[in-house]
Structures are given as C-alpha cells and as structure tokens.
Amino acid sequence: MTFVPIVLGRKSTLISLLKSKVTIMKKRVFRYVKHIIITFVILASFALSFGLYHGASFRYAENPEMMNWDKDGPYVFNKNDSVFTVNYIRGNQDKGFYLDQKEYASHSQVPANCYFPLDSTRFEFTITNKIEAPKSTYNDTAKIIAISDIESGFKAFRDFLIANKVIDKKLNWTFGNGHLVLLGDFVDRDFSTTQVLWLIYKLEQDAKQKGGTVHYILGNHELKNMQGNFENTSPKYYHVSSILKKQQTDLYGAHSFLGKWMSSKNSIEKINGTLFAHGGIHPDLAKHETNLDEINQIIRNNYYKPYYPNPQRNLEQLIISSYKGIAWYRGYFKDDLAQKEIEQGLNKFNAKSIVVGHTLQSEVNTQYNGKVIGIDVKHPKDYSKSIPNQKSEGLLIEDGKYFRLLHNGKKKKI
C-alpha cells in the first residue's frame, strides 16, 4: 500500500514529461512549417516580380468564341496566272467545316469582308491585284502614330485605333494625311491573325484615298511565318490550312494573296527624319556603304529563305541575321552600348532617332538621350483576360515631340 502513491507519482511525472515533449515537438514542427511557408512566399514573390519584370502574365477566362471559325477569311490563293480563288470557312466543330469558294479573274476587283466573332464585327474592303513595294523614305509635316507587337489581337488593335482617332467605330480612316506605322509582329500567338492582316490591308486603301499612309514594317514573326516557322502560331491556323486542303506554309506563301502582299513590305523606313524598324540597327551596320532602299531590297529577297549563320561577314548576312538583323536586334536594351554607337547608326541614315518594337517595355519610353524609343508593350488578348491587366500603348510624334498614346486616347509627353 505504501508504494502506490510513489508509482502513481512517477506515472504522473512521466505523463507530464511526455506532454511537455509533445508540446515542444509541436512548436518545433509549427516553426519549421512556418519557415517553409515564409521561404516559399518570399521565393514566389521574387519569381513573380522577376516574371512581371520580363513581361510574364497569367491568362484566364478563355472565351469559347475563339473556336468559332464560321465566316473566317477570306483566304485568297492563285489558282493559275489568270485566276485566283477566294475562300471563306463555314461550319463548326460539331458538324464539321466546309469552304465557301469563288473564282475570279486575276485582274478583278473583288468585294470582300472579314468577320470577328467575339463581338460580331464585320468590315468590307476590295481586293485588287495591284501590289507595290512602298518607299523607304517619307518627308512631310504630318503626324505619326506607331504601334507594335499586336500579336494577332484584333480587338486591342481596333480599339486602340478608335480611341486615338485613327479610325471611327465603323473602321473608316479618320487620320487625314497622317502616318500610321505598324512596327512588326502583328501575327502569331493568338486567334485573330487573319482579321488583323485584312484590317491593315483595308486601312492602307482607305488612308491612300484620304492622303494618309499606312506603313506595315515587318517584324521577325512575319518572317517566321513566311519561312515556315510556326512555333509561336496559334494551333487554329494548322486546322485552317487543313480545312483549306493546304499546308500551313501556303497561308503566307508565294501563291497566297496575303503572302505576296506581306512580301512587298519594308523592314526599315525613315519618316520625317525618324527611323522605324522592328528590331534596330546593329553598330556594325555603320561600317557598310549602303542605304535604306538597298537594305530593304536585300531583306525582301530573303523573306522566304530561312536564315542560318553563315561564315561570310557581308552586308546581307548582317541585316538578315536572327541576332544582329534589322528585324531581330535587341541590343538597344540587352547590350551595353555607348551613346556613340547609337548615334553612328543614326548618322549613317541622317536620322535623328529610331523607333523600335521587338523588346518588351513596361511602357513606351525613350533611351540614349531620346535617340531610341521603345514601343513594344503587352496588349490585351482577344479571347482571354490576364493578370496583370494589360493596356495598349503607342507612340505619337507631333511637331517634333514624342508622346505616349494610351489605350483611352490620352497622351503623355515623354
């Protein structure tokens, strides 16, 4: 009997010790988990900040209308030297697709229309066989509006032009004798390439009638499409080419109307003393005896020839290079260039500044004492939303001054 309290006391002490150890272990586990969570949050924050800084975004709420290809087109191809076919896709995913196809004499003026299913926008234009290479240099006192890297975003493109009074709500030209500069990469990544290209084509015709000019300057993604590189193209256009009973390379090939039209375009132009190119001018270009007309013709001759590094160190290799080339160069923002190197490239063509796209910016801005203007920003997508919310921007040059043009039509001097 006298030993019972002692045994009970020992049990009580052991239980207390065990409880204490369990409590300590719980606290340690909690601290450990808390440290893991804090570390994860810190790393995630760094990763998010890094991603946002480099243009990353999260897309969500995709609209199923992106798979509505009924009325998509027109897709226009040469049947032979005297006849071309105009094709519109009809049908849907459930019942299948077929072509609404008509033939026209090559000298015809063909009434055409283009449909955007997201909001049922439809615009009309006339297709003609008259395709001419544009000039490389323009001199007047008209306003210039430039925008780049739309990446198949018809709605963002259209809404920006309406907000900044380039076109009205019926998509008619209202910019008078102004210059609209489209600085490359208007194709790839999204579902409205066809609509974007035909709107550019329509506006070219409209602007010409009103004394204005649309300058479609090709970027590296236009080149990729013409050269058969579809790594960034929406899967939609693989299916579209199948419906057309074509290869995807045929969509912008030598026998397609849009291909011939795009292959007539320049890669660099000078407008009122300012150069416009998708990528830019590598400092080595200043060492060559050349001019804008020659550069454009050399690049135009290579539009359908995929580039691969060549040991030759000549002008052609320099300007078509996928690293140093006019449509590809990122050195203004990626290399440690001296102000002198920038100005040598500009002086070569008697230019006061250069406007470029290609390399993503947080906003339209000037660098190198105002000699380089970067205008590539993230635009909203047609069929999805994103985090962060994206808003279009462009550039206005008016009376020798530079302005950021915002999505809502406001402007800010830069």
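The values are calculated or read from the model by the stated rules, or taken from the named source; none is laboratory data. Bear in mind that the values here come from a model prediction, so they are computed numbers and not experimental data. Cβ: placed from backbone, ideal geometry, glycine included. Neighbour counts: every protein chain shown.
For every residue, the table says whether it meets (1) within 30 Å of I397 (Cα to Cα); (2) touching a residue at least 60 places away in the same chain (Cβ under 8 Å); (3) in the same structural domain as I200 (by TED's automatic domain parsing).
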site: Y238; (1), (2), (3): no, no, yes
site: L244; (1), (2), (3): no, yes, yes
site: S264; (1), (2), (3): yes, yes, yes
site: I268; (1), (2), (3): yes, yes, yes
site: N272; (1), (2), (3): yes, yes, yes
site: L275; (1), (2), (3): yes, yes, yes
site: G280; (1), (2), (3): yes, yes, yes
site: H288; (1), (2), (3): yes, no, yes
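In the set (1) farther than 19 Å from G219 by Cα; (2) modelled with pLDDT of 95 or more; (3) in contact with a helix residue (DSSP H, G or I) (Cβ under 6 Å, 6 or more places away or on another chain), the condition left unmet by N310 is number (2). Quick check on segment 185-217: of everything there that is within 11 Å of the chain's Cα centre (by Cα) and closer than 17 Å to N266 by Cβ, which residue is surrounded by the fewest Cβ atoms within 10 Å (Cβ to Cβ)? Selected residue: D185. Among the residues making up segment 262-286, those that are out of contact with any Leu (no Cβ under 8 Å at 6 or more places or on another chain) and outside any loop (DSSP other than H, G, I, E, B) are I271, T274, A286.
Evaluated against (1) over 19 Å from Y252 (Cα atoms); (2) among the small types (G, A, S); (3) free of Cβ contacts under 8 Å to residues at least 60 places away in the same chain, S106 falls short on exactly one condition, (1).
Is it the case that segment 345-363 has a residue that's modelled with pLDDT under 95, hydroxyl-bearing (S, T, Y) and either touching a strand residue (DSSP E or B) at 6+ places or on another chain (Cβ under 7 Å) or closer than 25 Å to T290 by Cα (or both)? Within segment 345-363 (the criterion being modelled with pLDDT under 95, hydroxyl-bearing (S, T, Y) and either touching a strand residue (DSSP E or B) at 6+ places or on another chain (Cβ under 7 Å) or closer than 25 Å to T290 by Cα (or both)), the answer is no, since none of the residues qualifies. If the condition is being buried (at least 20 other Cβ atoms within 10 Å of the Cβ) and either out of contact with any strand residue (DSSP E or B) (no Cβ under 7 Å at 6 or more places or on another chain) or not assigned by TED's automatic domain parsing to the domain that holds G279 (or both), then segment 384-414 contributes only S392. Put simply, of V166, V181 the only residue that is crowded, with 19+ Cβ neighbours inside 10 Å and either small (G, A, S) or more than 19 Å from the chain's Cα centre (by Cα) (or both) is V166.
Only one of the listed residues (I281, I271) is in contact with a strand residue (DSSP E or B) (Cβ under 6 Å, 6 or more places away or on another chain) and among the β-branched types (V, I, T). That residue is I271.
Here is the figure for segment 385-414: residues that are at pLDDT 95 or above and hydroxyl-bearing (S, T, Y) total 2.
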